[in-house]
Amino acid sequence: MRQIILNLNNTDSRLYYQDLIRKGENLASELVINLSADFQGYKYLIKFQNSENLEVVTPELISVENQISYILTNALTKETGTLKIELNAFDLVSGMLMKTATTTLRVLDALGDTGEVMPEEYVPWYVTAVEQASVATSAAEQVNQRLDALTITTWQSLLNL
């Protein structure tokens, strides 16, 4: 897995990195943020904003050995353009936002169709929905067959009068 390493120090509040991400990539890149002493001892969230201006916020992230890591999914790489990234550091007691650091990454077009990859948490729901749609379609076909048979029987009865 490719690592995109961001190093924070006391003077970096906005960082820029080279083109590393392709449209549609899923679980191919890990964002690793090395925390400076200034950023240590907080609760952390990362906010992502893609070219469609859709904001995705991570759950609370835990610092391990003064590093935060997050694996990028295709929800973040589905559109080409700019992926804005903002690290938010919150006070442990008050929950107030204390520090931020931002960067941007470019999401480049892939050579071919990337296809749609469904986030893992949607798979059970999707499978159930497809199964229920199949059951509904089968039931509708049976109702249509019965109606066709009833219509033929009704017309035959009327003709016999």
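A few notes on this one:
- Checking each residue in the stretch 94-108 for being in a loop (DSSP other than H, G, I, E, B) and polar (S, T, N, Q) picks out only Ser94.
- Set Leu92, Leu83, Leu97: member being within 22 Å of Ile21 (Cβ to Cβ) and modelled with pLDDT of 80 or more: Leu83
- Note on the stretch 72-93: residues that are outside any strand (DSSP E or B) and either of a type in the set (A, V, I, L, M, F, W, C) or at positive phi (or both) total 4.
- Identity of the residue in the stretch 38-56, modelled with pLDDT of 90 or more and among the hydrophobic types (A, V, I, L, M, F, W, C), that ends up nearest to Ala75 (Cα to Cα): Phe48
- Within the stretch 46-59, the residues that satisfy the criterion of being of a type in the set (A, V, I, L, M, F, W, C) and surrounded by fewer than 17 Cβ atoms within 10 Å (Cβ to Cβ) are Leu54, Val56, Val57.
- Filtering the stretch 48-100 to residues that are more than 11 Å from the chain's Cα centre (by Cα), aromatic (Phe, Trp, Tyr) and within 21 Å of Met1 (Cα to Cα) leaves only Tyr70.
- Number of residues in the stretch 75-104 that are touching an Asp or Glu at 6+ places or on another chain (Cβ under 8 Å), among the aliphatic types (A, V, I, L, M) and crowded, with 17+ Cβ neighbours inside 10 Å equals 1.
- Given (1) surrounded by fewer than 13 Cβ atoms within 10 Å (Cβ to Cβ); (2) over 14 Å from Lys43 (Cα atoms), number of the condition Leu72 does not satisfy: (1)
- Among the residues making up the stretch 14-35, those that are at pLDDT below 85 and surrounded by fewer than 14 Cβ atoms within 10 Å (Cβ to Cβ) are Arg14, Tyr16, Gln18, Asp19.
The values are calculated or read from the model by the stated rules, or taken from the named source; none is laboratory data. None of these values were measured; they are calculated from a predicted model. With ideal geometry, Cβ positions are generated from the backbone for all residues, glycine too; neighbour counts draw on all protein chains shown.
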